[in-house]
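Novice: Okay, here's the structure, questions in a sec.
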């Protein structure tokens, strides 16, 4: 029995509106890793005439969504027959901060933003393809690939001092992998 009444959304309908019919983006991955993109059945070519590749997937999505100004439904068809589907939502517009007369003191976070991260790669297998994989000391989440493997990069400076191991936990499969950071 709910004594608090119905839940109410904290956002207004105007903030999260999306067209009823989202543009459909179909990306087909060739065996050599090149991508063929179509938007609502129309081919979407690279502006410089080069081929889209896995490495340029982000810029491809930015170009199609006009830097996330429009929401789209994305379907990626791998050459092994697997299919991944997602909806890329729009970004909320950022409000410009008013300039202040007093300089803002440097914080730990602002110092942290300027440094180059020290990364460690952690891999493990046995996960369900596409499942959410928790990275513990929970510093991040990642997804399993179509082959059931996962990969994550961990910024060593984000870990508590003395951390020498991380845990990868498959939220669906229950697969648990403990890996030593080297």
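Novice: For segment 24-88, what does the alpha-carbon gyration tensor say about shape, rounded, prolate or oblate, given a ≥ b ≥ c as the root eigenvalues, a/c under 1.5 as rounded, and a/b over b/c as prolate?
Specialist: In terms of gyration-tensor shape, oblate.
Novice: Let me ask another. How do the peptides 126-134, 159-167 rank, highest first, by the average count of neighbouring beta carbon atoms within 10 Å per residue?
Specialist: So the order, starting with the most tightly packed, is 126-134, 159-167.
Novice: Taking the Cα of residue 119, stepping 7 Å toward and past its beta carbon, and measuring to each backbone N in segment 49-79: which are under 20 Å?
Specialist: 53-62
Novice: Compute the length gained on full extension between residue 141 and residue 70: take 0.36 nm times their separation in residues and subtract their Cα-Cα distance, giving the result in nm to one decimal.
Specialist: 23.0 nm
Novice: How long is the gain from residue 149 to residue 30 if the chain were fully straight, where each residue apart is worth 0.36 nm and the alpha carbon distance is subtracted?
Specialist: 40.8 nm
Novice: Calculated FRET efficiency, residue 178 and residue 22, Cβ-Cβ r, R0 41 Å, to nearest 0.05?
Specialist: Using R0 = 41 Å, I get an efficiency of 0.50.
Novice: Based on the alpha carbons, how large is the Rg to Rh ratio for segment 118-180 when Rh follows Kirkwood?
Specialist: Radius of gyration relative to Kirkwood radius: 0.96.
Novice: While we're looking at this one, here's another question. Evaluate E = 1/(1 + (r/R0)^6) for residue 62 and residue 156, where r is the Cβ-Cβ distance and R0 equals 45 Å; express this FRET efficiency to the nearest 0.05.
Specialist: Computed FRET efficiency for residue 62 and residue 156: 0.95.
Novice: Fewest to most neighbouring Cβ within 10 Å: what's the order for 82, 50?
Specialist: Details: 82 14, 50 10.
So the residues, fewest neighbours to most, are 50, 82.
Novice: Provide the percentage of antiparallel DSSP beta bridges, counting only those with both residues in segment 24-88; round to the nearest 5. Before the final figure, lay out the partial values.
Specialist: Numbers: 15 of 20 bridges.
Antiparallel: roughly 75 percent of the beta bridges in segment 24-88.
Novice: If you don't mind, another one. Stretch residue 48-residue 171 to full length: gain in nm at 0.36 nm per residue minus the Cα-Cα span?
Specialist: 40.2 nm
Readers should treat all values here as calculations from the given coordinates under stated rules, not as data from a laboratory. In this text, all values refer to a predicted model and were calculated from it rather than measured experimentally. Cβ: placed from backbone, ideal geometry, glycine included. Neighbour counts: every protein chain shown.
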